[in-house]
Amino acid sequence: MCVYCVLVYVLYVCVVCLMCARVGLGSTKFVSFEDRNWHSDCFVCNQCNISLVGQGFLLEDNAILCAGCGEA
């Protein structure tokens, strides 16, 4: 397969994590919100690093924050 084909496939078909920029393949679990995607392990508060999977969160620009850090 040519390099161009691989690049097009990655850009338009694969899910890419906003935090680490790695591609998710197969059974990789992602959290998605408003056309943004994170690996479950990467979906953490940008200030305190607590996991936000299954939790409420706030968005400030491109930062994701837990409720505690977002209110501070």
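Here are a few things to note about the model shown:
- Applying the set (1) modelled with pLDDT of 90 or more; (2) not in a strand (DSSP E or B) to L11 leaves exactly one unmet item: (1).
- Residues in segment 29-72 that are in a loop (DSSP other than H, G, I, E, B), modelled with pLDDT under 90 and among the hydrophobic types (A, V, I, L, M, F, W, C): A72 alone.
- Residue, nearest to M19 (Cα to Cα), within segment 35-57, restricted to residues that are among the hydrophobic types (A, V, I, L, M, F, W, C) and in contact with a Gly (Cβ under 9 Å, 6 or more places away or on another chain): C45
The values are calculated or read from the model by the stated rules, or taken from the named source; none is laboratory data. From a predicted model like this one, the values you see are computed outputs, not experimental measurements. All Cβ positions, glycine included, derive from the backbone under ideal geometry; neighbour counts span all protein chains shown.
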